[in-house]
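Taking it in order: structure first as structure tokens, then the write-up.
Values quoted throughout were computed directly from the atomic coordinates according to the rules given, and no laboratory measurement underlies them. Predicted, not measured: the structure shown is a model, and the values here were computed from it. We place every Cβ from the backbone using ideal geometry, glycine too, and count neighbours over all the protein chains shown.
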Amino acid sequence: MTPQTVNENLRFAERLPNWQRWVGSLISAVLVVVFVVEAVIESLWWFHLIAAALIFAAVWCWLLARITVTVDERAVTLTGPAWKRVVPRQDVHTISVAPDNGMNLGLVNWPVTTHERGSLTRLNMGGSASVTFSDSNGHRYQFVLANSQDAELVAEAIAS
């Protein structure tokens, strides 16, 4: 996604790729139909709740699911679904850009995951490059972006 610059701030927001949103919505739609038909045939009222939850999840993936990195003169702010960290710029160390396969490292495929015994927090919606930096406590943060040009821009903004 193209960066948004406002008053010398840099902000990148990454969403799921379109094909993943389409496939997820198609699977959700099929499951909703199955649950609603089963609920009507078997008179299982709680199947309607499952169908409603699936509809909510599909809408959330389409419209709201995103990860963002914002760099301003004071801090680097990382946000994801139900997660946010603000790292003061003076605490940022060891910034690197590397190719990435856009896959999560474990079985859980949530946009924000913790790895390596809590020492790495990875924000990932898929992409081909990542920016990794550490804070003064040694905790590392990794933000996966769509391409290496965007990753270089973010790394530059964090480093400057």
(request) Using the Cα centre as the reference, give the magnitude of the dipole from point charges on the C-beta atoms of the chain (Lys, Arg: +1; Asp, Glu: -1; all else neutral), rounded to the nearest 20 debye. (result) 180 debye
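With a cap of 12 neighbouring Cβ atoms within 10 Å, and only residues DSSP puts in a loop, list the trypsin sites (Lys or Arg not before Pro) found in the range 28-129.
Working: sites: Arg66, Arg74, Lys84, Arg85, Arg89, Arg117, Arg122; in loops: Arg74, Arg117.
Taking the range 28-129 and a limit of 12 other Cβ atoms within 10 Å, the loop trypsin sites (Lys or Arg not before Pro) found are Arg74, Arg117.
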(message) Between Ala52, Ala98, Ala82, where does the largest GNM mean-square fluctuation fall for the chain, given springs only between Cα atoms within less than 10 Å?
(response) Ala82
(request) Using only Cα atoms, find the angle between the long axis of helix 45-63 and the longest principal axis of the chain, and express it within 0 to 90 degrees, rounded to the nearest 10. (result) 30 degrees
(message) In Å, what Kirkwood hydrodynamic radius results for the range 18-63 from the alpha-carbon pair distances?
(response) 10.7 Å
(request) Give me the distance in nm between label points sitting 7 Å out from Cα along the Cα-to-Cβ direction at Val36 and Lys84, one decimal. (result) 3.6 nm
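Quick one: Ile41, Ile67, Ile95, fewest Cβ neighbours within 10 Å first, how do they rank?
Working: Ile41 9, Ile67 23, Ile95 16.
Taking fewest neighbouring Cβ atoms as first place, the list is Ile41, Ile95, Ile67.
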(request) Please label the shape of the range 69-159 as rounded, prolate or oblate, based on the square roots a ≥ b ≥ c of the eigenvalues of the alpha-carbon gyration tensor (a/c under 1.5 means rounded; beyond that, a/b larger than b/c means prolate, else oblate). (result) oblate
(message) Net charge around Met125, counting only other residues with Cβ within less than 10 Å of its Cβ (Lys, Arg = +1; Asp, Glu = -1)?
(response) +1
(request) Would you mind ranking Glu14, Glu116, Glu152 by Cβ crowding within 10 Å, fewest neighbours first? (result) Glu116, Glu152, Glu14
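To make sure I understand, if each residue's beta carbon is the centre and we count other beta carbons within 10 Å, what order do Phe35, Phe133, Phe56 fall in, fewest to most?
Working: Phe35 20, Phe133 23, Phe56 11.
Least crowded to most crowded, the residues run Phe56, Phe35, Phe133.
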(request) Please pull out the direction-averaged projected area of the range 12-140, using the convex hull of its alpha-carbon atoms, in nm² to one decimal place. (result) 9.5 nm²
(message) Which one, Ala157, Thr132, Leu44, is farthest towards the positive end of the dipole of the chain when Lys and Arg carry +1 and Asp and Glu -1 on their Cβ?
(response) Leu44
(request) Would you calculate, for the chain, the mean residue ellipticity at 222 nm contributed by helices, counting each DSSP H stretch of 4 or more residues as -39,500 (n - 2.57) and dividing by all residues, to the nearest 500? (result) -12000 deg cm²/dmol
(message) Among Ala57, Leu105, Ala13, whose Cα projects farthest towards the positive end of the dipole of the chain, with charges put on the beta-carbon of Lys, Arg (+1) and Asp, Glu (-1)?
(response) Ala57
